[in-house]
Structure formats: C-alpha cells, structure tokens
Amino acid sequence: FLALIAGTGTDSPELTISPNPGGSALTEAFNTGNPVKLTGRNRTVLDRQLLSLLRTPSMIAIPVNAGSGCAGVFALGSDETRQDSTLELASLFSHRLGQIVANRQSTGQITDSAESLQQELDRQHLRKQVHEVNNPLTIIRQYIYQLRNRLDDPDVHQELDIIREELDRAGNLLQHMGQKGTGPEH
C-alpha cells in the first residue's frame with residue numbers, strides 16, 4: 001500500500017492507496033517505474049482527489065526507484081505549460097531520493113513496513129502536540145511574571161511563584177514526553 005505523506009504543515013488526510021493497476025497516474029508511475037504526466041489523460045477519482053489536495057490544475061507522478069523496486073511516488077502539482085521542465089527537475093530529485101532510500105534500506109536504517117512509517121508519523125504528531133501545549137504555558141508564565149512585578153504583596157509573590165514553578169514542572173513533563181517518544185525503544 002502507498003500512504004500519503006504531506007509536507008504542507010497541516011494534517012494530511014488518511015489516504016491509503018493500493019498499488020494495483022487502476023488507471024490513476026500515481027499507480028501507473030508506481031507500477032511502471034516511469035514518470036506519468038496527468039495532461040491529456042482521463043482523470044480517475046484518485047487523480048482528482050490528489051489535484052484537490054495539491055490545489056493545482058495538473059500533476060506529475062514521479063516514481064522513487066530505490067534498489068530493486070519503487071519505494072514510492074513523488075506527486076508534484078504543476079500547471080500544464082511547464083510540465084517538461086518541472087518533470088526534468090523533479091526526476092533529478094526523485095532519482096537522488098531513490099539513491100538515499102536504497103542506501104538506507106541496505107544499511108537497515110529504513111524498513112519497508114507500514115508500521116515503522118506510522119510510528120514515525122505518530123512521533124512527529126506527538127512532538128507537534130507537545131509544542132502546541134507549551135505555547136499557552138509560556139504565555140501564562142509571562143503574565144504571571146508581569147502580574148508579580150505589579151503587586152507589592154509578598155504573600156501574593158509567594159503564591160505566584162508556586163504557580164510559576166508548577167507551570168515549569170508541567171512544561172518539563174511535556175518536554176520529557178516529547179523526547180521519550182523520539183527514541184527507538186518507544
């Protein structure tokens with residue numbers, strides 16, 4: 001199966017694609033090992049969905065050939081007027097990417113399992129969530145600091161210091177959770 005991995009900074013939809021021949025540009029590129037332009041082709045449902053995700057009028061599907069087979073397909077949105085130059089550049093990129101993937105597969109740094117891919121995506125998601133939770137903690141901590149400077153009551157200072165210490169503790173726990181999720185044993 002092919003899984004969608006997006007580099008857009010937003011959550012990508014759950015999309016798993018069977019590599020069995022089905023007429024889409026993506027599966028054709030995967031099965032033939034050759035780049036496929038969407039221009040002039042009948043667009044399958046999958047092709048239209050990918051165009052919508054890419055927010056582009058056309059697409060080029062370029063296989064990432066690694067070692068003995070295709071490791072994946074690089075789907076690149078394009079317009080129909082510059083597809084030849086886009087294809088040339090993207091082919092160079094996917095060729096180099098294929099070499100890197102093949103090298104890492106041969107040294108055992110990459111496994112072909114969907115489970116390891118899912119684990120890496122889960123680790124990235126956890127790091128993103130830890131970062132997002134730390135943002136409001138930092139803002140709250142800053143407001144406590146400002147409030148403490150405005151007040152002259154030592155008892156209030158002590159209570160605000162306790163709140164700040166607990167925020168720091170919560171932030172450290174979150175950081176620890178995010179870091180533990182990145183090790184190979186987790």
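Each row is one residue, and each column tells you yes or no for (1) at pLDDT below 80; (2) farther than 18 Å from residue 28 by Cα; (3) open to solvent by 60 Å² or more (accessible area, probe 1.4 Å); (4) charged (D, E, K, R).
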| site | (1), (2), (3), (4) |
| --- | --- |
| 43 | no, no, yes, yes |
| 50 | no, no, no, no |
| 73 | no, no, no, no |
| 79 | no, yes, no, yes |
| 93 | no, yes, yes, no |
| 118 | yes, yes, yes, no |
Check: Which one of these does residue 68 not meet: (1) modelled with pLDDT under 85; (2) closer than 22 Å to residue 104 by Cα; (3) within 24 Å of the chain's Cα centre (by Cα)?
Finding: (3)
Notebook entry, point to check: What is the number of the single condition among (1) closer than 30 Å to residue 120 by Cβ; (2) out of contact with any helix residue (DSSP H, G or I) (no Cβ under 8 Å at 6 or more places or on another chain) that residue 175 does not meet?
Noted result: (2)
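The values are calculated or read from the model by the stated rules, or taken from the named source; none is laboratory data. Note that the coordinates shown come from a computational prediction; the quantities given were computed from them, not determined experimentally. All Cβ positions, glycine included, derive from the backbone under ideal geometry; neighbour counts span all protein chains shown. Keep in mind that these areas ignore ligands, DNA and RNA; they rest on the heavy atoms of the full protein, side chains included. Shrake-Rupley method; radii C 1.70, N 1.55, O 1.52, S 1.80 Å.
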